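Below is one structure, written out as C-alpha cells; the observations come after it.
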Amino acid sequence: MAPSGAGVPTTEKTTASDGDPVQVAFCPFHPSGFAGSIAAAYLCTMNGFLRKWHLVPGLTISFSLAVIVSLRKLYRTEDVPVQQAVFQIGGAFLFTLSCWFTHHYIHRTHFRYRLLNRPGIKVAMALFVSVLLSAFLAPFILDRDVKHPYFAILVRSLVLGGFQYFMVYYITVLEVSHQSKLEIEKLKHENVRARLQSLTQQVSPHFLFNSLSTLRTMVQDPLSRNYISQLAQVYRYLLNHKQQELATVTEELQFLEAYAYILKERFEDALRIKIHPEHISTYKKIPPISLQLLLENAVKHNVVSKEDPLTIHIYEEEDFLSVENNRQPRRSVEESSSGKGLQNIDERCRLLCGRGIVIYADDTVFKVKIPLA
C-alpha cells in the first residue's frame with residue numbers, strides 16, 4: 001500500500017450485509033477523528049473561559065466605552081486620519097478591557113486576609129488598579145488638547161473603572177440569582193419525584209397488609225391465624241413508623257414481641273429472647289426498627305440450634321438500651337459480613353440522639369448498646 005499524503009483520506013475494508021467488501025473512507029479531520037476530538041476539547045475550553053470571565057458582555061461593554069470616550073476627541077479634530085482614529089479607539093479599548101479582567105479577578109477572588117475581602121476595600125483596589133492601568137497606557141489614551149491632561153485621565157480612569165466594576169458586580173449577581181432559581185426549580189422537581197415515588201412505594205406494603213388481614217379470616221387453624229396476626233402486626237408497625245425519626249421503647253418492644261414470635265416459630269426452643277422490663281425506661285425513645293435489626297443480626301451471625309441455643313437479653317444500662325447475646329459465630333457468615341446493619345443504626349443514632357452505638361465483643365458475649373433519647 002502506498003503511503004497516503006497529508007490531508008488525503010485513507011480507506012479501510014469492511015463487509016456489507018450481502019458479503020461483498022466495501023471501501024469506507026476515513027478522514028482524520030472528521031468530527032469523530034483525532035482532529036475532531038481536539039476541536040471539541042478546544043471548544044469546551046473556550047466555552048468555560050467565556051463563562052468564567054463573562055467575556056461576551058465584557059467585550060461589548062469595553063468596546064462601547066472605548067468608542068464613547070474616543071468620540072469626543074475625534075469629534076473636535078477635523079479630518080482625522082483613519083489610522084489615528086483606530087489607534088485612539090484601540091488604546092481606549094485596551095484600557096477598558098484590561099480594567100474588565102482585573103476588576104473581574106478582584107471581585108471573584110477570596111483573599112487570604114479578611115480585610116481585603118470587604119466590598120469597600122475591593123472597590124478601592126479596583127479603582128487603584130484603574131489608575132495604574134491609565135498611567136501605564138497613557139501614551140494611548142492621553143488627551144493633550146485639554147487644559148490638564150493628566151488630571152483628566154485620572155478622572156476618566158476613576159469613572160470608567162468604577163462603572164466597569166459595577167457592571168462586573170451586577171452581572172455576577174444576575175448569574176448567582178439565575179443559578180439559585182435553577183437550583184430551586186431542580187429541588188422542586190426532585191421533591192415532586194420523591195413524593196410520587198413514596199406514594200408508589202406505599203401501594204405494595206398496604207396491599208400486602210390487606211392481603212394478610214384477608215388471609216387471616218380465611219384460615220381456621222388457631223396457630224396459623226395467630227402467626228398471620230403477628231406478621232400483619234409487623235407490617236403495620238413498619239408502615240406506621242417508616243417516616244418517623246424516633247419511636248418510644250414501648251412501641252419498639254411491642255413490635256419486637258411480634259417479630260420474635262415469627263422467629264420462634266422458625267427456631268422453636270433454639271432461640272430464647274429475654275426482655276427485662278423492670279429497669280427499662282419505656283417513655284424514652286430510640287430510632288425505629290433498631291431492636292429488630294439487632295435481633296436479625298444476632299440470628300444471622302450465630303449458630304441457632306437445640307444443642308447450642310441462642311439467648312438474647314434486652315435491658316437498660318446507663319442510659320443505653322443493651323441487646324446482648326451469647327457468641328457462637330457462623331464461619332461462612334462472619335467471612336462475608338459487611339457490617340451495614342450496625343453502621344445504619346450507628347449513623348441514625350448519631351444524627352437523632354447525638355451519640356453513636358457502643359459495641360462490646362469477646363469470645364463468649366456480643367453486646368450492642370443503643371443510646372436513649
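Data table
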{"item": "Number of positions in the stretch 298-318 that are surrounded by fewer than 20 Cβ atoms within 10 Å (Cβ to Cβ) and in a helix (DSSP H, G or I)", "result": "3"}
{"item": "Residues of the stretch 253-283 that turn out to be open to solvent by less than 60 Å² (accessible area, probe 1.4 Å) and in a helix (DSSP H, G or I), as a count", "result": "11"}
{"item": "Single residue of the stretch 218-245 satisfying the filter (part of a loop (DSSP other than H, G, I, E, B) and touching a helix residue (DSSP H, G or I) at 6+ places or on another chain (Cβ under 6 Å)) that is farthest from residue 288 (Cα to Cα)", "result": "219"}
{"item": "Extreme residue, nearest to residue 245 (Cα to Cα), among residues of the stretch 345-361 that are open to solvent by 50 Å² or more (accessible area, probe 1.4 Å) and part of a loop (DSSP other than H, G, I, E, B)", "result": "354"}
{"item": "Near pairs, Cβ below 7 angstrom, 6+ apart or cross-chain, from the stretch 301-320 (of a type in the set (Gly, Ala, Ser)) to any residue that is at pLDDT below 90", "result": "305/270"}
{"item": "Residue pairs meeting the criteria (Cβ under 6 Å; at least 6 apart or on separate chains; first within 21 Å of residue 170 (Cα to Cα), in the stretch 92-120; second among the charged types (D, E, K, R) and surrounded by 12 or more Cβ atoms within 10 Å (Cβ to Cβ))", "result": "106/122"}
{"item": "Condition met for residue 104 (within 17 Å of residue 52 (Cα to Cα) and either open to solvent by less than 40 Å² (accessible area, probe 1.4 Å) or not in a helix (DSSP H, G or I) (or both))", "result": "yes"}
{"item": "Qualifying residues in the stretch 140-190 (those that are at pLDDT 85 or above and among the β-branched types (Val, Ile, Thr)) - the one surrounded by the most Cβ atoms within 10 Å (Cβ to Cβ)", "result": "168"}
{"item": "Residue that is surrounded by 16 or more Cβ atoms within 10 Å (Cβ to Cβ), over 34 Å from the mean Cα position of the chain (by Cα), of a type in the set (A, V, I, L, M, F, W, C) and farther than 19 Å from residue 266 by Cβ, where the choices are 321, 372, 342", "result": "321"}
{"item": "Search result, residues across the stretch 107-127 that are open to solvent by 40 Å² or more (accessible area, probe 1.4 Å) and closer than 18 Å to residue 153 by Cβ", "result": "127"}
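For (1) closer than 23 Å to residue 363 by Cα; (2) at pLDDT below 80, each residue gets a yes or a no:
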| position | (1), (2) |
| --- | --- |
| 242 | no, yes |
| 254 | no, no |
| 264 | no, no |
| 274 | yes, no |
| 314 | yes, no |
| 321 | yes, no |
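The values are calculated or read from the model by the stated rules, or taken from the named source; none is laboratory data. This one's a predicted model, so the numbers in the text were calculated from it and none came from an experiment. Here Cβ is always computed from backbone atoms with ideal geometry, including for glycine, and neighbour counts include all displayed protein chains. For the accessible areas, the whole protein counts, side chains as well, though only heavy atoms, and no ligand, DNA or RNA atoms are used. Shrake-Rupley method; radii C 1.70, N 1.55, O 1.52, S 1.80 Å.
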